[in-house]
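The values are calculated or read from the model by the stated rules, or taken from the named source; none is laboratory data. Keep in mind that what you see is a predicted model, and the values were worked out from it rather than measured. Positions of Cβ are generated from backbone atoms using ideal geometry, with glycine treated the same way; all protein chains shown enter the neighbour counts.
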Amino acid sequence: MCPFFHYTWLSSSLFLLSGISLGALGAGGSLIALPVFVHVLGLPMDLAVPATAGTMAIASLSGAWDSWRKGKLDIPVAIRFGVPGLILSFAGSFLTPRIPGDVLTGLFIGLLTIAGVRLFLPEAPLSRTPNLRSWRLPLAGGATGFLTGLLAIGGGFLSTPALILEAGLTASAAAPISLLSMAANSSASLVGHVLQGNFRWTLVLPALVAVLLGMELGTLIGSRLSHRVLRSVLGVVVLSVGAFTLWTTWLS
């Protein structure tokens, strides 16, 4: 363990994996990062959640900025989807320290299990034209934001399917909006945690370096492997993280 920054070689390797997931699929970063902060670095949930939020906010913003420069980001849809999430993410962040850690851990394991199983299910084909005025679009954005504020997770695995199902967008069009939504929601969550005095920048900086490097690697990997293979590999990783979290929680 470094005396100035909170990291180990194991945590750095796993944060690298988190970034690879984010770069290759646009999802899964926080699902891997949060357990690393809790179970590898030994942080309580009220410190691990803001550390994850800070790391994912900057990493997601980096990805969204790159998509915007390439003209792939639909700003009007991002605003309609993201603003409710921004508000509810800030609200959710104030509940984190008020909910018992065991409850938060149980909720996290449940979401990991759902996300992992979904990765092995066949993706439904896009069967209708985009519906960007659906009232369910901001509702889905708000629910995603609330979970991001509460647990610092739920970005890509919730927002991307929501944009596909509720707005009728293709996966390639939804991914940049999902990244921007993650950046905004994580930032709002982070502000709430900072105001409560739970943020430590010495936790975020080493993790962020590894995640950003992993995103670059993930982009390269994602361009060379099929989406089906990537989803399957990530599904194994996510379910393994869930099983490990459950095991360590049971032992404690």
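Restricting attention to region 123-157, the residues that are under 16 Å from residue 77 (Cβ atoms) and either at pLDDT 70 or above or aliphatic (A, V, I, L, M) (or both) total 12.
Every residue in region 53-84 that is in contact with a Gly (Cβ under 9 Å, 6 or more places away or on another chain) and closer than 28 Å to residue 14 by Cα, please.
Scanning region 53-84 gives 53, 55, 56, 59, 60, 63.
Taken together, the residues in region 184-222 that are free of Cβ contacts under 8 Å to residues at least 24 places away in the same chain and assigned to a loop (DSSP other than H, G, I, E, B) amount to 1. What are the residues in region 2-31 that are at pLDDT 85 or above and closer than 30 Å to residue 173 by Cβ, if any? Answer for region 2-31, where residues must be at pLDDT 85 or above and closer than 30 Å to residue 173 by Cβ: 15, 16, 17, 18, 19, 20. The number of residues in region 48-94 that are modelled with pLDDT under 85, hydroxyl-bearing (Ser, Thr, Tyr) and under 16 Å from the mean Cα position of the chain (by Cα) comes to 2. Criterion applied to 180, 205, 195, 163 was being modelled with pLDDT under 80, over 16 Å from residue 20 (Cα atoms) and aliphatic (A, V, I, L, M), and the one residue passing it is 163. Could you please let me know if residue 44 is in contact with a helix residue (DSSP H, G or I) (Cβ under 9 Å, 6 or more places away or on another chain) and under 20 Å from residue 16 (Cα atoms)? So residue 44 does not fit the description; no.
Where helices (runs of 4 or more DSSP H) sit wholly within region 1-105, those with at least 2 residues that are crowded, with 24+ Cβ neighbours inside 10 Å and among the aliphatic types (A, V, I, L, M) occupy 9-25, 29-35, 45-69.
Of all residues in region 214-231, which are in contact with a Leu (Cβ under 9 Å, 6 or more places away or on another chain) and surrounded by 13 or more Cβ atoms within 10 Å (Cβ to Cβ)? If the condition is that a residue be in contact with a Leu (Cβ under 9 Å, 6 or more places away or on another chain) and surrounded by 13 or more Cβ atoms within 10 Å (Cβ to Cβ), then 214, 215, 217, 218, 221, 222, 230, 231 are the ones that fit.
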